[in-house]
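The values are calculated or read from the model by the stated rules, or taken from the named source; none is laboratory data. Worth saying up front: this structure is predicted, and the values here are computed from it rather than measured. Here Cβ is always computed from backbone atoms with ideal geometry, including for glycine, and neighbour counts include all displayed protein chains. When the accessible area is computed, the model is the full protein with side chains, heavy atoms only, and any ligands, DNA or RNA have been set aside. Shrake-Rupley method; radii C 1.70, N 1.55, O 1.52, S 1.80 Å.
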Amino acid sequence: MQVYTAPKLNKVEVTSDFWKRYRELVVKEVLPYQWKVMNDEADISIAEDPQNNGQDKNSHAVANLKIAAGEMKGHHYGFPFQDTDVYKWLEAAAYSFGYHPNPDLKKITDNLIDLIAKAQDDDGYLSTYFQIDAPERKFKRLQQSHELYTMGHYIEAGVAYYNATGNQKALDIATRMADCIDNNFGLEESKIPGYDGHPEIELALSRLYEVTKNQKYMDLAHYFLTQRGQDPAFFEKQIKADGDSVDRDLIPGMRDFPREYYLAAEPIKDQKVPHGHAVRVVYLCTGMAYVARYTGDKDLLAACDRFWNDIVKRQMYITGNIGQTTTGEAFTYDYDLPNDTDYGETCASVGMSFFARQMLNIRAKGEYADVLEKELFNGALSGMSLDGKHFFYVNPLEADPAGSKGNPGKSHVLTHRADWFGCACCPANLARLIASVDEYLYTVNEDTILSHQFIANEAEFDDGIKVSQTNHFPWSGDIHYEIENPNKASFKFGIRIPSWSAKYELSVDGAAKSLPVEDGFIYLDVDGKSMTLDLKLDMSTKIMRASNRVKADYGKVAVQRGPVVYAAEEADNEAPLWDYQVAADAKTDYHFDEKLLDGVGVVKIAAKREKLDDVNAPLYTEVQNEDTENVDLTLVPYYSWANRQDGQMRVWLNKE
Ligand SMILES: [Zn+2]
């Protein structure tokens, strides 16, 4: 049997028009805008809901660092984790240098590294809230403090910045932080036998391990994952010792959540399903997948599988959004997927993308890449407006401005993207995902190069191997590959056949070829100088239904074409949108409109519309045959909604 060794991936250039537009937007609009906001130089208003924290026009995130560095006087402002906005922004900037070198921006980021280094304590500690206003409380209220979460975000940024620029100082800050954490946490007598209420440090330490190869950091990440929940009362004991009074709380109300909310009620290996805060869950899962791969810990891998299955099979919206309730930004229960009160935090979709990518590193399974694609083209991407300056925190699947305004239970559901948030976790989180999307296109396992995303690109591997993928995805399913292999290396090339494309056609060097789909992939043996592949995916418009266990979607249909989920908006269709019915076999028509919403595929679908009752008609009447008219509903991609006038939107349409 022939033994393959896959060549190492060196560089990926994204050539997809769709993603190039977003990635340039990050450079030209998103990063400058967010930098101004974090320096309190932008004229913005902060959304009242969700997560306002009583803030008005200030982020103060850079000022907090300046105060900690001794460059400014004053108090800390904002959430205890306010620093993370800066770190995620820095990480996004670092990725952007890989495709758009920008000396002016680099001056800013180099100076920012200097500022962060200056703010860091001698022992490596850095969390400006505690340094400025509560130095005696460091690591004393971990349920709420987010200190390791905050430092984890710097570590991720530091690693990315070092990788992009070679700036040693950026990496040194990260290793000093990790050393500080290592000195303070563990099972030795003098250390804290605990962990952070918000997972993140685990995945961050894994990334630091990848760049430094220092086993200490992997061991520490493993410690945090296996120690979690060993003493279920750990947080309560800390709070008691730090001062039980509620005015000692760092984030009001946080102590009221049950232990499950923090994934700390029992050791992770015993947790059957993920509970609580959706972002915590997916960050934890990402850390578990990293550490399971590097340590071979089977309990952690089993937990990854359990949590993945529960989320994807029972708690995920068709758009990839997760987290069904605003209360605690959390999961609720299986098949509970309300569309108009859901949370679907942008960060949770970003985190789910991280998790999917790490699972792909463990196993070549198309399902992981399907979910990654679902997030990239729907749930995550909807977090940002087409102008790059407005953001969703919450991503509903059904919205009505009247409901958001008039029903307090829906006040978290904005129908237009906001300038900024009191808790501004989402905007820069999405920016760093978009800026690093080149890192999500291939997975190289020991004997195989997997091409699992249809985002056009040029990739360079060791041994002179080049893979070029061209297409007009997600609007067209014609995918063209050119593989150059000048030294005739032997390897396997796997291509995902997406779950939405039940059929496909493949030709290799012009000759039709049929290959079995194994766990979502087809595989080709490559050992010649070049190979040309043409893949045709099924881009027919699909009328979808949810499992009939999902009450909220019962008797409803949604429209999907390729990976893109569609939505009806009031901008294209006369309100109210609940007044339309679509047959399961309704006629659909698709066209690409390059002028609309920066270029989108538009679906028209035949529908029936009931005549709306007169406002003076009685509220309740006996059922009669309703007067209906035949109309066409116009649908646009979900990610592009709310870029025009304020109005209703819905993904799930009533079935005729
Ligand atoms: Zn967020």
ask   = Out of all the residues in region 105-148, which are open to solvent by less than 10 Å² (accessible area, probe 1.4 Å) and either assigned to a helix (DSSP H, G or I) or outside the structural domain of GLY78 (by the TED database) (or both)?
value = THR109, LEU112, ILE113, ILE116, ALA119, THR128, PHE130, LEU142, GLN144, SER145, GLU147, LEU148
inquiry  = On the basis of being at pLDDT below 95 and assigned to a loop (DSSP other than H, G, I, E, B), does GLY78 make the cut?
reply    = yes
inquiry  = Residue pairs, Cβ under 7 Å, 6 or more apart or interchain, first in region 336-347 and of a type in the set (Gly, Ala, Ser), second part of a loop (DSSP other than H, G, I, E, B). List them.
reply    = GLY344/TYR317; GLY344/ASN321; GLY344/GLY323; GLY344/VAL394; GLY344/ASN395; GLY344/PRO396
task = Filter region 405-416 for residues that are buried (at least 21 other Cβ atoms within 10 Å of the Cβ) and either within 13 Å of the ligand (Cβ to nearest atom) or of a type outside the set (Val, Ile, Thr) (or both) and give the result.
result = LYS410, HIS412, LEU414
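Kindly indicate whether ASP538 is acidic (Asp, Glu) and closer than 30 Å to GLY403 by Cβ.
no
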Qualifying residues in region 371-392 (those that are in contact (Cβ under 8 Å) with a residue 60 or more places away in the chain and of a type in the set (Phe, Trp, Tyr)) - the one surrounded by the fewest Cβ atoms within 10 Å (Cβ to Cβ) = PHE377
inquiry  = Going through LEU430, LEU441, LEU524, LEU515 one at a time, which residue ends up being within 16 Å of the ligand (Cβ to nearest atom) and either over 21 Å from ASN163 (Cβ atoms) or open to solvent by less than 10 Å² (accessible area, probe 1.4 Å) (or both)?
reply    = LEU430
request  = Please state which of the following conditions ASN321 fails to meet, knowing it meets all the rest: (1) within 16 Å of the ligand (Cβ to nearest atom); (2) farther than 30 Å from ALA402 by Cα.
outcome  = (2)
task = Mind listing just one residue for me: the one in region 228-254 that is over 16 Å from PHE139 (Cα atoms) and among the charged types (D, E, K, R) and, of those, modelled with the highest pLDDT?
result = ASP231
ask   = Among the residues of region 2-21, is any under 30 Å from ASP249 (Cβ atoms) and either assigned to a loop (DSSP other than H, G, I, E, B) or open to solvent by 70 Å² or more (accessible area, probe 1.4 Å) (or both)?
value = no
inquiry  = If ASN102 meets every condition in (1) of a type outside the set (Lys, Arg); (2) under 25 Å from the mean Cα position of the chain (by Cα); (3) modelled with pLDDT of 95 or more apart from one, which number is that one?
reply    = (2)
query = In this structure, is THR628 open to solvent by 50 Å² or more (accessible area, probe 1.4 Å) and either within 27 Å of the chain's Cα centre (by Cα) or of a type in the set (Val, Ile, Thr) (or both)?
reply = yes
request  = Output the number of residues of region 449-470 satisfying the condition of being under 14 Å from ASP534 (Cβ atoms) and surrounded by fewer than 22 Cβ atoms within 10 Å (Cβ to Cβ).
outcome  = 2
query = Looking only at residues in region 473-501 that are of a type in the set (Ser, Thr, Tyr) and open to solvent by 30 Å² or more (accessible area, probe 1.4 Å), which one is nearest to the chain's Cα centre (by Cα)?
reply = SER499
inquiry  = Test of understanding: among GLU345, GLU329, which residue is within 16 Å of the ligand (Cβ to nearest atom), buried (at least 18 other Cβ atoms within 10 Å of the Cβ) and farther than 25 Å from VAL559 by Cα?
reply    = GLU329
key: Total residues in region 253-310, condition under 18 Å from GLU210 (Cβ atoms), open to solvent by less than 30 Å² (accessible area, probe 1.4 Å) and hydroxyl-bearing (Ser, Thr, Tyr)   = 3
message = What's the number of the only condition in (1) more than 14 Å from the ligand (Cβ to nearest atom); (2) closer than 30 Å to LYS36 by Cβ; (3) open to solvent by 10 Å² or more (accessible area, probe 1.4 Å) that ALA402 fails to meet?
response = (2)
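Pull up region 348-370, narrow it to residues that are open to solvent by 10 Å² or more (accessible area, probe 1.4 Å) and in a helix (DSSP H, G or I), then point me to the one that is farthest from ARG23 (Cα to Cα). Spell out the reasoning first.
Going residue by residue through region 348-370, those that are open to solvent by 10 Å² or more (accessible area, probe 1.4 Å) are 354, 357, 361-365, 367, 370.
Applying the additional criterion that residues be in a helix (DSSP H, G or I) yields 354, 357, 361-362, 367, 370.
On the way: PHE354: 18, ARG357: 19, ASN361: 24, ILE362: 28, GLU367: 26, ASP370: 22 Å.
Ranking the candidates gives ILE362 first.
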inquiry  = Considering only residues that are loosely packed, with under 15 Cβ neighbours inside 10 Å and either outside the structural domain of GLY601 (by the TED database) or farther than 26 Å from PHE521 by Cβ (or both), which ones fall in region 541-574?
reply    = ASN548, ARG549, LYS551, TYR554, GLY555, GLU574
request  = Check off (1) assigned to a helix (DSSP H, G or I); (2) more than 16 Å from the ligand (Cβ to nearest atom); (3) in contact (Cβ under 8 Å) with a residue 60 or more places away in the chain for CYS304 and give me the number that stays unchecked.
outcome  = (3)
